[in-house]
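These notes concern the structure reproduced below.
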Amino acid sequence: MIDDEAAQAVRHWRATAPGAVLLDGFHALKHALRFGAEVRAAVTSDKAAAVELAAGLADDLTEVIADLLVEVAAGTLRDLVPRVHPTRVAALAVRRDRQRNLDELSTRPRPAPVVVLDNPRNLGNVGAVVRLAAGFGATGVVTTGDLDPWHPNAVRAGAGLHYATAVERLPVDALPEGPLYALDPEGADIRALTIPDDALLAFGSERHGISPELRKQATRLVALPMRPQVSSYNLATSVAMALFHWGGPPHPS
């Protein structure tokens, strides 16, 4: 019976995988479910361990995860995913609706800034920024350039939190409306400024900074405090500092 269930799950996985979002690991599945993802398939090579992990870390989802997960052989799991997550859990979900994302990004007044990553080059950094944006309650993350912010490596680094905020790729000339605060070493010290809730916070690529096109659109250039002779911060660190300065979500009562 278990073998039949596993074989059926593998067939379903292979049929579902094209075009689906890979949720790599227990935490990615947990976050995606909490924020409304439509999960189409979920497998593990150790269901008992995964359910135990859910009971300890996501009691609100234990029954859901137990119902979703199908146990397959460890070798089968290795065949289904590029690399097996240490939690030995993987799932496939429907990508968050693009029009819904665009609507959330464009609606004004916005309750929180949109983070703009101008031509980022590192998918792990993109995922880390999505995770930060979700934690701070940002309206969304927009990338320009040719990297897909929903690439499996970005979703893995974001721990499934792409479903908690609006994540899309747009050309520079189609960014959401709002005052554009571009991070640049020549800008005004961010500590002297108040970042409005409906701002766009723009960050350049890890190597080249903001593009001339985005710089022309900037309402204001803003700089993070930095010790002389230190060249730069990691992208995710810069985003965290700027969002922390903005203020973040309200404290729960």
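So, in region 100-125, of the ones that are over 22 Å from residue 212 (Cβ atoms) and touching a helix residue (DSSP H, G or I) at 6+ places or on another chain (Cβ under 8 Å), which residue ends up surrounded by the fewest Cβ atoms within 10 Å (Cβ to Cβ)? Restricting to residues being over 22 Å from residue 212 (Cβ atoms) and touching a helix residue (DSSP H, G or I) at 6+ places or on another chain (Cβ under 8 Å), the top hit is 124. Per the listing 29, 53, 33, the residue uniquely touching a strand residue (DSSP E or B) at 6+ places or on another chain (Cβ under 6 Å) and either assigned to a helix (DSSP H, G or I) or at positive phi (or both) is 29. If you filter region 220-241 down to residues that are among the small types (Gly, Ala, Ser) and touching a Ser or Thr at 6+ places or on another chain (Cβ under 9 Å), you find that the one that is modelled with the highest pLDDT is 238. Screening residue 131 on (1) in contact with a Pro (Cβ under 9 Å, 6 or more places away or on another chain); (2) within 20 Å of residue 29 (Cβ to Cβ) shows it passes everything except condition (1). Residues that are touching a Ser or Thr at 6+ places or on another chain (Cβ under 8 Å) and closer than 28 Å to residue 132 by Cβ do occur in region 9-25, at least one of them.
Scanning region 36-50 for residues that are free of Cβ contacts under 8 Å to residues at least 60 places away in the same chain, open to solvent by 20 Å² or more (accessible area, probe 1.4 Å) and not in a strand (DSSP E or B) returns 38, 45, 46, 47, 48, 49. Residue 62: hydroxyl-bearing (Ser, Thr, Tyr), touching a helix residue (DSSP H, G or I) at 6+ places or on another chain (Cβ under 7 Å) and crowded, with 19+ Cβ neighbours inside 10 Å, yes or no? Considered against the rule, which asks whether it is hydroxyl-bearing (Ser, Thr, Tyr), touching a helix residue (DSSP H, G or I) at 6+ places or on another chain (Cβ under 7 Å) and crowded, with 19+ Cβ neighbours inside 10 Å, residue 62 comes out as no. Reported count of residues in region 116-175, each being in a loop (DSSP other than H, G, I, E, B) and farther than 14 Å from residue 202 by Cα, is 13. For region 65-97, a residue qualifies if it is open to solvent by 60 Å² or more (accessible area, probe 1.4 Å), closer than 19 Å to residue 36 by Cβ and in contact with a strand residue (DSSP E or B) (Cβ under 6 Å, 6 or more places away or on another chain), and exactly one does: 95. Looking across region 143-165, the residues that are surrounded by fewer than 24 Cβ atoms within 10 Å (Cβ to Cβ) and of a type in the set (Val, Ile, Thr) come down to 143, 144. Suppose the filter is within 18 Å of the chain's Cα centre (by Cα), at pLDDT 95 or above, crowded, with 24+ Cβ neighbours inside 10 Å and part of a loop (DSSP other than H, G, I, E, B); does residue 202 pass it? Judged against the criteria, residue 202 is not a match.
The values are calculated or read from the model by the stated rules, or taken from the named source; none is laboratory data. Because the structure is a prediction, the values reported are computed rather than measured. For neighbour counting, all protein chains shown are included, and Cβ atoms are generated from backbone atoms with ideal geometry for every residue, glycine included. The area values use the complete protein model at the heavy-atom level, side chains included, leaving out ligands, DNA and RNA. Shrake-Rupley method; radii C 1.70, N 1.55, O 1.52, S 1.80 Å.
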